[in-house]
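Readers should treat all values here as calculations from the given coordinates under stated rules, not as data from a laboratory. Computed from a prediction, not measured in an experiment: that's the story for all the values here. Please note: Cβ atoms are built from the backbone with ideal geometry, for glycine as well, and neighbour counts cover all protein chains shown.
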Amino acid sequence: MQNIISVSGLSKTYASGFQALKSVHLDIRRGEIFALLGPNGAGKTTLISIICGIVNASEGEVLVDGHDIVRDYRAARSKIGLVPQELTTDAFESVWATVSFSRGLFGRRADPAYLEKVLRDLSLWDKKDSRILTLSGGMKRRLLIAKALSHEPQILFLDEPTAGVDVNLRRDMWQLVRSLQAAGVTIILTTHYIDEAEEMADRIGVISRGEIVLVEEKSELMRKLGKKQMTLQLQSPLERIPPGLDAYRLDLSSDGSELTYTYDKQAERTGIIALLRDLNDAAIAFKDLHTTQSSLEDIFVTLLKDAK
């Protein structure tokens with residue numbers, strides 16, 4: 001698949017000496033939903049801000065649909081819509097005026113029908129003549145998306161788009177994201193809601209301390225790093241795990257009532273049948289068992305620990 005954004009050797013050091021990004025290499029594929037995960041201060045917003053032309057890089061190169069963001073700034077920036085974390089709008093302007101002005105900033109001809117569609121899709125059409133200061137927080141968040149879409153960008157950056165919004169708005173926004181992807185728009189989002197990345201993203205990147213730790217297909221990431229656990233509730237508590245079961249690396253609960261076995265569900269042999277046979281031979285009976293699988297959040301936490 002063709003890349004629409006290519007980041008090469010990107011670094012950013014601020015005047016204070018703080019290095020926010022350290023030689024970042026990243027390719028974003030055309031038409032995908034890419035989720036960038038990382039803790040506060042990891043460099044997510046700095047990376048997005050450089051790609052969008054808001055912050056200058058110290059080193060490196062960024063191409064947006066083949067356009068260098070420094071040498072061909074206007075062409076590169078026209079491809080991008082940005083929904084920032086902060087609600088930054090003119091409080092005394094109307095909804096219609098602010099999206100019309102945003103479209104004009106990019107030299108796009110007036111297209112009332114397109115702007116009406118955007119506002120309707122975001123449930124803002126009935127507020128088109130309202131001043132922004134009268135809108136609720138959720139509506140202001142929708143308005144930021146409308147402004148970002150006003151010039152019909154091919155790429156949409158969503159920087160923590162659902163932070164502080166209600167469940168209904170989150171659901172509506174993700175429906176919109178899916179429809180935009182279906183229309184060919186590339187979506188890059190940062191989020192603290194890992195369940196959103198798990199549900200929405202095609203690929204996932206993890207950034208920590210200014211460095212890209214991993215970029216992987218979501219399904220492949222879950223396959224490689226997602227583990228399954230089988231927990232056995234014992235009929236009689238154990239004081240310790242018998243030596244004959246050491247090879248399984250079992251975990252015994254503090255009260256001795258549960259044994260937990262961690263395994264790779266993709267492996268050719270999970271070892272479950274052998275474990276159950278050996279438990280029977282050791283006269284260890286269980287009354288119930290259940291399995292759980294690692295979530296993306298578990299994987300994310302593990303990756304950050306490994307990156308320290």
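Tabulated values for the structure
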quantity: Residue-span extension gain [residue 56 to residue 72] - 0.36 nm each, minus C-alpha spacing; calculated: 4.4 nm
quantity: Cα-projected label distance for residue 129 with residue 116, points at 7 Å along beta-carbon direction, nm; calculated: 1.5 nm
quantity: In nm, spacing of pseudo-spin labels at residue 105 and residue 220 (7 Å Cα→C-beta vector); calculated: 3.7 nm
quantity: Cα lying deepest toward the dipole's positive end in the chain, options 148, 97, 31, charges on Cβ; calculated: 97
quantity: Nearest 10 degrees, 0 to 90: helix 137-149 Cα axis against the chain principal axis; calculated: 70 degrees
quantity: Taking 290, 25 and counting other C-beta atoms within 10 Å, the order from fewest to most; calculated: 290, 25
quantity: 22, 287, 117 arranged by Cβ crowding within 10 Å, fewest neighbours leading; calculated: 287, 117, 22
quantity: Gain upon complete extension [residue 251, residue 19; 0.36 nm per residue less C-alpha separation]; calculated: 79.4 nm
quantity: Backbone HN-Hα couplings from phi across region 239-249 [Karplus 6.51/-1.76/1.60, Hz, Gly and Pro as x]; calculated: 7, 7, 7, x, x, x, 9, 4, 5, 7, 6
quantity: Counted charge near residue 144, where neighbours are those whose Cβ lies closer than 15 Å (Asp, Glu -1; Lys, Arg +1); calculated: 0
quantity: Counting DSSP beta bridges with both ends in the chain, the antiparallel % (nearest 5); calculated: 70 percent
quantity: Karplus 3J(HN,Hα) series, Hz, for region 61-74 with 6.51 cos²θ - 1.76 cosθ + 1.60 (x for Gly, Pro); calculated: 9, 10, 10, 10, 6, x, 9, 5, 5, 9, 6, 10, 4, 4
quantity: Nearby aspartates and glutamates by direct alpha-carbon distance to residue 127 (threshold 20 angstrom, same-chain neighbours under 8 apart not counted); calculated: 90, 93, 111, 116, 166, 172
quantity: Computed [θ] at 222 nm, helices only, for the chain once each DSSP H run of length n ≥ 4 contributes -39500 (n - 2.57); calculated: -9500 deg cm²/dmol
quantity: Peptides 74-80, 135-141 ordered by average Cβ neighbours within 10 Å, highest first; calculated: 74-80, 135-141
quantity: Translational diffusion coefficient (Stokes-Einstein; Kirkwood radius from C-alpha pairs) of the chain at 4 °C, 1.567 mPa s, in µm²/s; calculated: 58 µm²/s
quantity: Order by protection proxy (mean Cβ within 10 Å, highest first), peptides 50-61, 194-205, 246-257; calculated: 194-205, 50-61, 246-257
quantity: Compactness index (Cα Rg / 2.2 N^0.38 Å), region 78-186; calculated: 0.97
quantity: For region 275-291, Karplus couplings with θ = phi - 60° (6.51, -1.76, 1.60), whole Hz, Gly/Pro x; calculated: 4, 5, 5, 5, 5, 5, 5, 8, 6, 9, 9, 10, 9, 6, 8, 8, 10
